[in-house]
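Structure, as structure tokens:
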Amino acid sequence: LALLWHDRLLKAVRKRATRGDPQSVISAIDHFCRHNEWAMNVGDEKGSILDSVVSEVNPEKVLELGTYCGYSTVRIARLLPPGARLITLEFNVDYAAIARQVIAWAGLEDKIQLVEGASEDWIPRMKEHFGIETFDFVFLDHWKDRYLPDTKLMEDCGLLRKGTVLLADNVICPGVPDYLEYVRNSLSYKSCYFKSHLEYTKAEDGLEKSVFLG
Ligand SMILES: Nc1ncnc2c1ncn2CCOCCNC(=O)c1cc(-c2ccc(F)cc2)cc(O)c1O
Ligand SMILES: [Mg+2]
């Protein structure tokens, strides 16, 4: 059933979106998820907040944890300056296959490297495998019980620098209480909450923006 859903999503993108036009891909996925079948993309409302934070940071090096079907990957990559790079980690091979096609349809392959695997396996290999020194921006949207351990792992691996911005989805629904408590109380972060709604619904959700202070 899940695979069929993915095929329907891809068909909707190919039908409604113009190849090479990221905005039309974003609109096609939002339309499909609002009118056909709900999906756990960050969505249009939280997506606008994501856009404003990405534009403000204007990052060269971006890490996304949890690609899913590539909606937020396209949202972020379309705003990146030339030469900027986005690495996105996806654990589920079916999601990764869909995301590759969504990213290709948007024409953003050159800016994006989709890596299949678990965040805890790949974060320690970012430097030697991808030649990454530190990330400027990290979008957390994967398993909610991995937000905190992976943030500590990124700190320990020296992947965060003074000013690196972490933006976390779903801090209310499904919720990440241990992560919130950490970034809001740690002296190493300046954190603020952007109230919004769970994608395509009226339920409360929001994004937490946390700046690493070094
Ligand atoms: N590289 C990696 N390493 C480890 N794990 C990884 C990984 N890559 C992927 N994964 C696996 C997890 O991926 C999906 C995580 N996202 C969510 O679960 C999610 C759920 C809801 C939701 C669902 C039902 C409701 F009723 C209400 C809300 C909403 C959202 O916006 C969500 O983002
Ligand atoms: Mg999410």
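The values are calculated or read from the model by the stated rules, or taken from the named source; none is laboratory data. Only a predicted model underlies this, so the values are computations on that prediction, with no experimental measurement involved. Ideal geometry is used to build each Cβ from the backbone, glycine not excepted, and the neighbour counts take in all protein chains shown. Note: accessible area is taken over every heavy atom of the protein model, side chains too, but ligands, DNA and RNA are not part of it. Shrake-Rupley method; radii C 1.70, N 1.55, O 1.52, S 1.80 Å.
Things to note:
- Accessible solvent surface per residue of the stretch 26-109, calculated while the other protein chains remain in place, 1.4 angstrom probe, Å²: 35
- What the phi angles of the stretch 108-125 give under the Karplus curve with 6.51, -1.76 and 1.60, with θ = phi - 60°, is a coupling list of 10, 4, 5, 8, 10, 10, 8, 10, 8, x, 7, 4, 5, 7, 8, 4, x, 9 Hz, glycine and proline written as x.
- Total charge dipole magnitude, the chain, about the Cα centre, Cβ charges on Lys, Arg, Asp, Glu only, Debye to nearest 20: 540
- Per-residue ellipticity at 222 nm from helix content only, as computed over the chain with -39500 (n - 2.57) for each DSSP H run of at least four residues, stands at -13000 deg cm²/dmol.
- Accessible area (Å², 1.4 Å probe, nearest 10) - residue 204: 80
- On the chain, 54 percent of the accessible area sits on carbon and sulfur atoms, based on a 1.4 Å probe.
- The mean accessible area for residues of the stretch 125-167, using a 1.4 Å probe and ignoring ligands and nucleic acids, is 43 Å² per residue.
- Computed from Cα positions, the angle between helix 147-156 and the longest principal axis of the chain comes to roughly 50 degrees.
- Helix 22-35 axis, angle to the chain major axis (alpha carbon atoms, nearest 10°): 80
- Among beta bridges that DSSP assigns inside the chain, antiparallel share in %, nearest 5: 40
- Magnitude of the charge dipole for the stretch 105-152, about its Cα centre and with charges confined to Cβ atoms of Lys, Arg (+1) and Asp, Glu (-1), is about 140 debye.
- Axis of helix 43-57 versus longest Cα principal axis of the chain: the two differ by about 50°, to the nearest ten degrees.
- Where 145, 7 fall by accessible area, highest first, once all protein chains stay in place (1.4 Å): 145, 7
- When the alpha carbon gyration tensor of the stretch 95-210 is reduced to an equivalent ellipsoid, the three semi-axes, largest first, read 23, 21, 13 Å.
- For the stretch 170-184, 3J(HN,Hα) computed residue by residue from phi via the Karplus equation (6.51, -1.76, 1.60; θ = phi - 60°) reads 6, 6, 10, 9, x, x, 9, x, 5, 5, 4, 4, 5, 5, 7 Hz, glycine and proline entered as x.
- Separation of the alpha carbons by more than 23 angstrom is noted, of 11/202; 152/190; 15/195; 46/144; 111/202; 162/209, for 11/202; 15/195; 111/202.
- Positive-end ranking of 104, 183, 123 along the dipole of the stretch 85-209, with charges on Cβ about the Cα centre, is headed by 183.
- Taking Cα centre as origin and charging only the Cβ of basic (Lys, Arg, +1) and acidic (Asp, Glu, -1) residues, the dipole magnitude of the stretch 34-103 rounds to 160 debye.
- Centroid-to-centroid separation of the stretch 3-66 and the stretch 147-203 [C-alpha atoms, Å]: 21
- Mean shadow area of the chain over all directions, Cα convex hull, nm²: 10.6
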